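Working notes, beginning with the structure itself.
The values are calculated or read from the model by the stated rules, or taken from the named source; none is laboratory data. Only a predicted model underlies this, so the values are computations on that prediction, with no experimental measurement involved. Here the Cβ positions follow ideal geometry from the backbone for every residue, glycine too, while neighbour counts run over all protein chains shown.
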Amino acid sequence: MGPRQCQVCTEALSKYKCPSCYLPYCSLVCYKKHKELPCVKPQPLEVITTAVPESLVEKTLVVDERSEVLQKFQLEAIASSREIRDSLNDKALQDLICRIDSSSNAKDELDKAMAEEAFRLFTDKVLLYVASAQPL
């Protein structure tokens, strides 16, 4: 993983991670500001199991770092974006996302999808909303 944006000031690239909750921060000033509120060390997160309501098929997702899992406020920012919702009306994009989701090798399908400009533009929009999301 490359450098990430400081999640405290959101202005600089993070050089460090909080030893308790792994939140990326850039400086001692930001670390002290972050520590003004208690943080909790996340439970080890090796496997996440989700149920897909339509098919009732469970999928196991392996996560290397907790920071790779979106927080609720980030998911809400994506869901509240009219631009992203409008993009998801595109049938070709829906089919592509379903193909990735239902694949036995989702990583390979994702890599193939990234070759398509429409999918790259969509993922860029999602990442923009994730990066700009702020906790309430």
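The residue that is farthest from the chain's Cα centre (by Cα), counting only those in the range 76-112 that are closer than 22 Å to Leu128 by Cβ and of a type in the set (Ser, Thr, Tyr), is Ser87. Each residue in the range 1-34 was checked for being surrounded by fewer than 14 Cβ atoms within 10 Å (Cβ to Cβ) and more than 18 Å from Gln74 (Cα to Cα), and 11 pass.
Quick test for you: out of Ala115, Ala92, Ala106, pick the one residue that is at pLDDT 80 or above, surrounded by 11 or more Cβ atoms within 10 Å (Cβ to Cβ), among the aliphatic types (A, V, I, L, M) and not assigned by TED's automatic domain parsing to the domain that holds Val8. Step by step, each of Ala115, Ala92, Ala106 is checked, and only Ala106 is at pLDDT 80 or above, surrounded by 11 or more Cβ atoms within 10 Å (Cβ to Cβ), among the aliphatic types (A, V, I, L, M) and not assigned by TED's automatic domain parsing to the domain that holds Val8.
Any chance the range 22-42 includes a residue that's modelled with pLDDT under 85 and closer than 25 Å to Ser103 by Cβ? No, every residue in the range 22-42 fails to be modelled with pLDDT under 85 and closer than 25 Å to Ser103 by Cβ.
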